[in-house]
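Let me begin by presenting the structure, written as structure tokens, before commenting on it.
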Amino acid sequence: MSEATKNILIIEDEFSIAMDMEMRLQKMGYNVAGTAFSYNEALPLLLEQDIDIVLLDINLNSEKSGIDLGKLIRDKFNIPIMFITAYTDAKTFAEAAEAEPMGFITKPVKDADLRNNIELALNKFAQKVIANTEIETNSNSIFIKDKGVLKQVNLHDIQWIEALDNYTVVHTAGENHIVHAFLKDVLMKLGNSFVRIHRSHAVSLKHITSIEDNLVYIGSEFLVVSQNYKNELTDRMKIL
């Protein structure tokens, strides 16, 4: 299992299969963030929930197929998908491949296949994100790709960074920059002058003006420190 519990969305039109899969995933230690039985039921879950991977039936027995939904997830949500199907013919696989899934699982689904393919898909997607992270660094600056143009941002000007769905917002005093990458991947490139204080936030140590209870202040702005990251912040600060 990876370092944090992964949130999985199941989209499967057969109730018994969906419920069986949900139970098995929970026993494996995953969190099932939701279960949908159609294209339309899946949309609000995709918008409202924090999803790490989608298990998607190719045949949803509705006007729009799982392949249609897979393409939408790829284009609008940037969440990895893995198709589940009873069909193994070349035509189905060729059509499904257009949605760029991270893998396929054939029915009936075995526990080992389910677990192994989920972990492989998550790792494959993470490597894809790292390779496509729109940020490059040198000793003093980062270069953020914006509409094909590289913009230079001084590392000392970055006050804090924020996870926003599958994007990261880099906050400076003057402006904000959006990077198409996960927060943890951006942190890897920024170096150790930043510390994570929340699942969704990391701050520059040099820009912290004060800490009060579970709040970190950057000038007049404040961010919440979650309990899971409080010790890390304390360890990184030079407290007399």
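A few comments on the model shown:
- Listed residues 178, 142, 211, most fluctuating in the chain (Gaussian network, C-alpha, under 10 Å): 211
- Linear extension gain, residue 221 paired with residue 237, 0.36 nm per residue minus alpha-carbon span: 3.9 nm
- Additional length obtainable on full extension of the chain from residue 28 to residue 94, 0.36 nm per residue less Cα span: 20.7 nm
- Hits among lysines - C-alpha to C-alpha of residue 64 under 25 Å, sequence gap 8 or more where chains match: 76, 91, 107
- Taking 0.692 mPa s as the viscosity and 37 °C as the temperature, the Stokes-Einstein diffusion coefficient of segment 7-131 based on its alpha-carbon Kirkwood radius rounds to 229 µm²/s.
- Label sites at residue 78 and residue 173, each approximated as a point 7 angstrom past Cα along Cα to Cβ, lie 2.9 nm apart.
- Inter-centroid distance (Cα atoms) of segment 48-76 relative to segment 154-203, Å: 29 Å
- For the chain, calculated [θ]222 nm from helices alone, where every DSSP H run of n ≥ 4 adds -39500 (n - 2.57): -10000 deg cm²/dmol
- In sequence order, segment 56-69 has phi-based couplings of 10, 6, 5, 9, 9, 6, 8, 4, 9, 8, x, 5, 4, 5 Hz under the Karplus curve 6.51 cos²θ - 1.76 cosθ + 1.60, θ = phi - 60°, and Gly or Pro positions carry x.
- Once each of the trypsin sites (Lys or Arg not before Pro) sitting in a DSSP loop with at most 14 other beta-carbon atoms within 10 Å is removed, the chain keeps 1-63 as its longest stretch.
- Sites counted here are GluC sites (Glu not before Pro) in a DSSP loop (not H, G, I, E or B) having no more than 11 other Cβ atoms within 10 Å; the longest part of the chain that contains none of them is 99-174.
- Comparing 118, 218, 105 in a Gaussian network model of the chain where C-alpha atoms under 10 Å apart are linked, the largest mean-square fluctuation is found at 218.
Any read-out appearing in this document is the output of simple, stated calculations on the displayed coordinates, not a laboratory observation. Predicted, not measured: the structure shown is a model, and the values here were computed from it. No Cβ is skipped: glycine too gets one built from the backbone with ideal geometry, and neighbour counts run over all protein chains shown.
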